[in-house]
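To keep things clear, I will list the structure first and then write my remarks on it.
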2 protein chains.
Amino acid sequence: MFENITIVGVGLIGGSFALAMKDKGIAKKAIGVTRSESSAKRALDLGLIDEALPLKEAVAKSDLIYISIPVDTTIDTTLQVLDIINDKQIVLDAGSTKDALCKAIADHPKRKRFVATHPMWGTEYSGPEAAVHGAFEGRACVICEKEKSDSDAVTTVEDIYKKIGMNLVYMDAKAHDVHAAYVSHISHITSFALANTVLEKEREEDAIFELAGGGFASTVRLAKSNPAMWVPIFMQNRENVLDVLNEHISQLRKFKASLEKENAEYLTELMENANKIKRIIK
Amino acid sequence: MFENITIVGVGLIGGSFALAMKDKGIAKKAIGVTRSESSAKRALDLGLIDEALPLKEAVAKSDLIYISIPVDTTIDTTLQVLDIINDKQIVLDAGSTKDALCKAIADHPKRKRFVATHPMWGTEYSGPEAAVHGAFEGRACVICEKEKSDSDAVTTVEDIYKKIGMNLVYMDAKAHDVHAAYVSHISHITSFALANTVLEKEREEDAIFELAGGGFASTVRLAKSNPAMWVPIFMQNRENVLDVLNEHISQLRKFKASLEKENAEYLTELMENANKIKRIIK
């Protein structure tokens with residue numbers, strides 16, 4: 001069991017990770033590093049962390065440092081943390097993009113103490129209040145470039161994720177970013193765009209949302225997600241996201257063409273193909 | 001309480017309606033009219049209906065006839081039923097499009113015994129096995145052109161939907177179809193297209209779905225829906241669906257432009273606008 005772990009960024013992911021670590025008896029105490037005193041106070045009040053400290057003091061007291069902040073600030077913070085750790089401490093991140101980070105830290109003398117991870121769990125909510133018990137369970141966690149980390153660090157990180165109920169998947173950073181664009185990032189873009197489509201119409205029609213049912217709620221749910229988290233993800237992974245977005249627009253155009261031509265046969269074919277998703281999503 | 005009601009089409013909607021009618025003590029017996037002997041047998045085995053009969057025999061024994069079949073066959077079936085009912089029987093449908101149907105029956109001598117309704121509830125599953133207890137509760141039910149139905153028929157139908165827990169919304173048929181395109185039909189198209197986007201990629205990458213999490217499942221869930229139900233809806237409501245689809249593609253293009261230009265500010269603006277959906281979807 002860890003005496004102290006540091007959580008840099010105590011929001012949805014960091015807060016839920018802190019809870020899981022204590023719930024599973026993996027860590028005794030969680031020290032939070034937060035951007036503001038207000039979020040430190042809320043994280044303390046919610047019992048996510050036991051103490052709030054500045055980065056250096058927190059790292060000095062911890063065997064494990066978990067970085068769970070927006071991906072645009074992850075690189076600098078990771079470099080700062082690597083600068084001040086010793087050869088026993090372990091650093092890992094939870095970011096939704098991996099290639100830029102792995103490249104940026106590649107030549108750091110402490111690279112081997114870092115493990116690049118992406119636990120594939122989340123909700124549309126953010127901040128300390130969004131943290132929940134039992135997060136991560138049954139979901140996939142990607143570990144990237146494990147060969148670039150010390151094996152003791154990898155083993156420790158693997159044990160932690162397994163104990164909190166995750167299934168480990170190994171990938172290089174580039175492949176991770178492509179996959180994430182397909183199974184996570186594009187879902188967010190379509191949901192944001194769908195919300196804008198319908199909100200645009202609402203300007204003319206007050207009553208439109210009286211009718212909104214479960215299907216609409218389900219496809220538009222992710223549009224509630226926090227831009228502070230997602231803009232940096234889309235920007236860092238923009239080439240992959242653009243590829244998938246272009247493919248998605250071209251798939252939508254096929255539906256459009258089938259409707260314009262009143263081609264029910266083609267429309268049926270497109271939908272029957274989409275039904276194959278049953279194989280994957282139970 | 002009704003002694004007998006007829007359910008034409010005992011699938012997701014018709015089966016769930018039969019259950020609700022019996023659960024709430026509104027009907028004693030449900031007679032099913034089905035396309036095939038196999039679905040009649042399954043509906044009987046599942047306890048959705050108490051008897052299966054051909055259309056004419058079923059209608060002759062029933063005070064209320066509920067038509068819940070794909071919208072392309074609803075028009076003919078409704079006309080057939082109106083041809084054989086008396087001045088006391090009540091007919092209603094549950095279709096996702098209303099304009100074509102209302103137009104087609106406008107001049108029928110029994111038009112006033114018909115109430116056009118759309119209970120806005122559903123799941124991605126279909127057939128008798130998809131029917132559930134407690135469906136419809138807390139959802140909106142649209143009643144169209146109530147002034148064209150006899151007031152006793154409207155009152156009876158209103159009472160039924162209220163008793164099964166629905167909130168009534170009144171609209172003309174054209175307005176209904178526009179609204180349905182925005183809050184239901186487009187969600188299905190985006191979900192089908194998203195499934196096709198990702199399935200296309202899967203041809204190259206076996207592992208892609210190992211990473212699929214809750215966000216992906218939520219946005220792609222509707223892609224499991226039955227083309228036999230949805231193709232006729234899209235075809236009947238094609239002009240409205242095309243309008244919304246064009247708007248949706250243009251919203252997606254804004255995301256594309258912001259990424260291509262690496263314009264984080266514009267991207268943030270698009271996402272903050274989408275966040276306004278929080279007001280509507282709790």
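None of the figures in this text is laboratory data; all of them are computed from the coordinates on show. Just so it is clear, the model here is predicted, and its values are computed rather than measured. All Cβ positions, glycine included, derive from the backbone under ideal geometry; neighbour counts span all protein chains shown.
If you put +1 on each Lys and Arg Cβ and -1 on each Asp and Glu Cβ, how big is the dipole of chain A around its Cα centre, in Debye rounded to 20?
On the way: 35 positive and 40 negative charges, 127 e Å.
Once rounded to the nearest 20, the dipole reads 620 debye.
Work out the length of the dipole vector of the protein assembly as shown about its Cα centre, built from +1 on the beta-carbon of each Lys and Arg and -1 on the beta-carbon of each Asp and Glu, and round it to the nearest 20 debye.
Rounded to the nearest 20 debye, it is 720 debye.
Show the residues, 5+ positions off or on another chain, whose built amide H is closer than 5 Å to the amide H of B:ILE49.
Amide H neighbours of B:ILE49, under 5 Å, 5+ apart: B:LEU44.
With +1 on each Lys and Arg Cβ and -1 on each Asp and Glu Cβ, how big is the dipole of segment B:4-153 about its Cα centre, in debye rounded to the nearest 20? Let's see the in-between values first.
Working: 19 positive and 21 negative charges, 50 e Å.
Using only the charged Cβ atoms, the result is roughly 240 debye.
Using a simple spin-label model with points 7 Å from Cα along the Cα→Cβ vector, what separation in nm is obtained for A:ASP152 and B:GLU265?
5.0
From the C-alpha gyration tensor of the protein assembly as shown, pull out the three semi-axes of the equivalent ellipsoid (sqrt of 5λ each), sorted largest to smallest, in whole Å.
Taking √(5λ) for each Cα gyration eigenvalue gives 52, 24, 20 Å.
For A:ALA20, what is the net charge nearby, where nearby means another residue's Cβ is under 11 Å from its Cβ and Lys, Arg count +1, Asp, Glu -1?
+1
May I ask for the distance between the Cα centers of segment B:226-243 and segment B:244-260, given as a whole number of Å?
Taking the Cα centre of segment B:244-260 as reference, the centre of segment B:226-243 is 22 Å away.
Ignoring everything except DSSP H segments at least 4 long, calculate the 222 nm mean residue ellipticity for the protein assembly as shown; use -39,500 (n - 2.57) per segment, divide by total residues, nearest 500.
-15000 deg cm²/dmol
Counting Lys and Arg as +1 and Asp and Glu as -1, what is the net charge of the other residues whose Cβ lies under 14 Å from the Cβ of A:GLY127? Could the numbers behind the result be given before it?
Working: positive: A:ARG35, A:LYS41, A:ARG42, A:LYS224, B:LYS278; negative: A:ASP45, A:GLU124, A:GLU129.
Result for the local shell: +2.
Using a label point 7 Å beyond Cα on the Cα-Cβ vector, give me the inter-copy distances for B:LEU168 in nanometres, one decimal, shortest first.
Output for B:LEU168: 6.1 nm, nearest copy listed first.
Once you've got the GNM for chain A with C-alpha springs shorter than 10 Å, pick whichever of A:GLY134, A:GLY95, A:GLY214 has the biggest mean-square fluctuation.
It is A:GLY214.
Could you compute the FRET efficiency for A:LYS163 and B:ASP107, with r as their C-beta to C-beta distance and R0 at 60 Å, rounded to 0.05? If you can, show how the numbers build up before the last one.
Values: r = 70 Å, r/R0 = 1.17.
Given R0 = 60 Å and the Cβ-Cβ separation, E is 0.30.
Taking 7 Å along the Cα-to-C-beta vector as the label spot, tell me the A:THR73-A:LYS174 distance in nanometres, rounded to one decimal.
Modelled inter-label distance: 3.1 nm.
Which Cα, out of A:GLY25, B:LEU242, B:ALA100, lies furthest along the positive dipole direction of the protein assembly as shown (beta carbon charges, K/R +1, D/E -1)?
So the residue furthest toward the plus end is A:GLY25.
Under a crude label model (7 Å from the Cα following the beta-carbon direction), how far is A:ARG253 from A:GLU37 in nanometres?
5.6
In which sequence would A:MET235, B:MET229, A:MET271 go, from the one with the fewest C-beta neighbours within 10 Å to the one with the most?
A:MET235, B:MET229, A:MET271
Assign one of three labels to segment A:176-279, namely rounded, prolate or oblate, based on the Cα gyration tensor with a ≥ b ≥ c the square roots of its eigenvalues; rounded applies when a/c is under 1.5, prolate when it is not and a/b is larger than b/c, and oblate otherwise.
Because a/c hits 1.5 or more and a/b fails to exceed b/c, segment A:176-279 counts as oblate.
Using the Kirkwood radius over Cα pairs, work out the Stokes-Einstein diffusion coefficient for chain A at 37 °C and 0.692 mPa s, in µm²/s as a whole number.
Values: Rh = 20.4 Å.
Once the numbers are plugged in, D ends up at 161 µm²/s.
Would you mind counting up the charge near B:PRO70? Only other residues with Cβ under 14 Å from its Cβ, with Lys and Arg at +1 and Asp and Glu at -1.
Result for the neighbourhood of B:PRO70: -2.
Given the pairs B:LYS148/B:LYS278; B:LYS174/B:LYS282; B:LYS254/B:LYS282; A:LYS224/A:LYS276; A:LYS254/B:LYS261, which span a C-alpha to C-alpha distance of over 31 angstrom in this model? Mind dumping the intermediate values first?
On the way: B:LYS148/B:LYS278 37 Å; B:LYS174/B:LYS282 28 Å; B:LYS254/B:LYS282 26 Å; A:LYS224/A:LYS276 28 Å; A:LYS254/B:LYS261 26 Å.
Among B:LYS148/B:LYS278; B:LYS174/B:LYS282; B:LYS254/B:LYS282; A:LYS224/A:LYS276; A:LYS254/B:LYS261, the Cα-Cα distance tops 31 Å for B:LYS148/B:LYS278.
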